[in-house]
1. Please count how many residues of region 63-84 are small (Gly, Ala, Ser) and within 15 Å of residue 25 (Cα to Cα).
2. Restricting region 115-152 to residues that are free of Cβ contacts under 8 Å to residues at least 24 places away in the same chain and in a helix (DSSP H, G or I), which is surrounded by the most Cβ atoms within 10 Å (Cβ to Cβ)?
3. Give the residues of region 37-60 that are of a type in the set (A, V, I, L, M) and closer than 15 Å to residue 78 by Cα, sorted by residue number.
4. Just for region 17-42: of the residues that are in contact with a Lys or Arg (Cβ under 8 Å, 6 or more places away or on another chain), farther than 16 Å from residue 53 by Cα and not aliphatic (A, V, I, L, M), which one is modelled with the lowest pLDDT?
5. Any residue at all in region 106-129 that's over 22 Å from residue 25 (Cβ atoms) and among the hydroxyl-bearing types (Ser, Thr, Tyr)?
6. Within the bounds of region 98-110, is there any residue that is of a type in the set (Val, Ile, Thr), within 24 Å of residue 46 (Cα to Cα), outside any loop (DSSP other than H, G, I, E, B) and modelled with pLDDT of 95 or more?
7. Just the residues that are surrounded by fewer than 23 Cβ atoms within 10 Å (Cβ to Cβ), of a type outside the set (D, E, K, R) and not in a strand (DSSP E or B), please, taken from region 73-97.
8. Only one of 49, 61 is without any contact (Cβ under 8 Å) to a residue 24 or more places away in the chain and touching a Gly at 6+ places or on another chain (Cβ under 9 Å). Can you tell me which?
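The values are calculated or read from the model by the stated rules, or taken from the named source; none is laboratory data. Computed from a predicted model, the values in this text were never measured in an experiment. Every residue, glycine among them, receives a Cβ derived from its backbone with ideal geometry; neighbour counts consider all protein chains shown.
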Amino acid sequence: MSTDPPAPPGAPTGAGPLRLADVARFVRERADGVLTTLGPDGGPQAAYLSLTATERGELVLDARVTSRTVRNVRRDPRVAVVCGGADGVTLQAEGLAEEVHGEERRRCADVYRAAFPRFAGSLADPGIAVVRVSLTWARLGDYRGVAPVLRETTPDGTHDDVG
């Protein structure tokens, strides 16, 4: 019998590959994380923010168009994200971020609004950007047991149970 605490919803089980649906569920349940962008000098710049995910496994956030987050994404789309961790289960991810417009903005804003109804009004503000992160790599790790359980995925569908 395991003495490890029961897994929280969305935690990796070690059974089967990590899928983008697993990533999306985990992010939605936690609803916040740290997004790291690259500053003008190439150095990391991190922001703690509200975060959700689409059914496609894209991460969605909003930010002021004048923020360094949006300025950095416009210049260099490479980002890293960390979500969770306080309970010993964490998502580490990398991807390409972009400020979305038109139909994609509406689609992503609908997802964000559903996750965070309190921010619905701000999404109508032209000073607020909706940012979508398309993941290029993700690792969901459960570090609560004696040996960590690590599951990874990439967009080409390669999966790995690495722990």
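1. Pass one, region 63-84, residues small (Gly, Ala, Ser): 63, 67, 80, 84.
Within this subset, residues satisfying the condition of being within 15 Å of residue 25 (Cα to Cα) are 84.
Count: 1.
2. 120
3. Answer for region 37-60, where residues must be of a type in the set (A, V, I, L, M) and closer than 15 Å to residue 78 by Cα: 38, 46, 47, 59, 60.
4. 17
5. Within region 106-129, the first condition is being over 22 Å from residue 25 (Cβ atoms), and the residues that meet it are 106, 120-129.
This time we only want the ones that are among the hydroxyl-bearing types (Ser, Thr, Tyr), so: 122.
Yes, region 106-129 contains a residue that is over 22 Å from residue 25 (Cβ atoms) and among the hydroxyl-bearing types (Ser, Thr, Tyr).
6. no
7. 77, 85, 86, 88
8. 49
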